[in-house]
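A.B. asks: The structure is given below, and queries will be raised subsequently.
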């Protein structure tokens, strides 16, 4: 289940809003210019799917986004846990890279076909953490300051959309905000424990 958590960017210990209501999340993000959608999940993807297998499974939805948004490059990637030192080092390196606050010259559209990840959007003096799970599509507008956390044991399949052939290019700000806010593992634990009625 998707989870939105909002803090002031200078008060990481005080939650201003937390909800798992998909309509509330979509409305909140729409005010920021961020598109949020839910697609039906294809359950029978292989354990380590190729990009082609993922794109074929979601072809009607991918085609609609490409047509509406004008993307020219679409691919899919997966992070699948392995019990090897090599995989753990690779996962830790990837996590460190995306935890650094950055922007992109292009929109960043991601659809989660499996697993989860958290996008942290740093907008208007606040941090909006969107815990995305299977079925969630999030579109971060170009030049939006943000970072991404895949957790200490990344496990996800995601479709990526690009407007040019350069793919993922980050413009890093040098800010270290990511270390001050609840990380992926913490937010997953919050979601698993269930929200009190006052936060729904």
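A.B. asks: For residue 24, project a label point 7 Å along Cα to C-beta. Then give me every residue of region 118-153 with its amide nitrogen under 12 Å of that point.
C.D. replies: none
A.B. asks: Based only on other Cβ atoms within 10 Å, what is the fewest-to-most ordering of 27, 20, 44?
C.D. replies: Values: 27 11, 20 18, 44 5.
Fewest-to-most ranking of 27, 20, 44: 44, 27, 20.
A.B. asks: What is the order of 72, 123, fewest Cβ neighbours within 10 Å to most?
C.D. replies: 72, 123
A.B. asks: Treat the count of other C-beta atoms within 10 Å as a stand-in for reagent exposure and order 152, 173, 84, 5 from fewest to most.
C.D. replies: 84, 152, 173, 5
A.B. asks: Now, a different point. Give me the tail of P(r) for the chain as a percent: Cα-Cα pairs with distance above 20 Å. Working shown, then result.
C.D. replies: Numbers: 11136 of 19900 pairs.
When all Cα pairs of the chain are counted, 56 percent exceed 20 Å.
A.B. asks: Further, regarding this structure: So if each residue of separation counts as 0.36 nm, and I subtract the Cα-Cα distance between residue 73 and residue 44, what length gain in nm does that give? Write down the numbers at each step before the final one.
C.D. replies: On the way: separation 29, 0.36 × 29 = 10.44 nm, distance 2.45 nm.
Full extension of this stretch gives 8.0 nm more.
No lab work stands behind these numbers, since they all come straight from the coordinates. Fair warning: this is a prediction, and the values are worked out from it, not measured in the lab. Cβ coordinates were reconstructed from backbone atoms using ideal geometry, including for glycine residues, and neighbour counts include every protein chain displayed.
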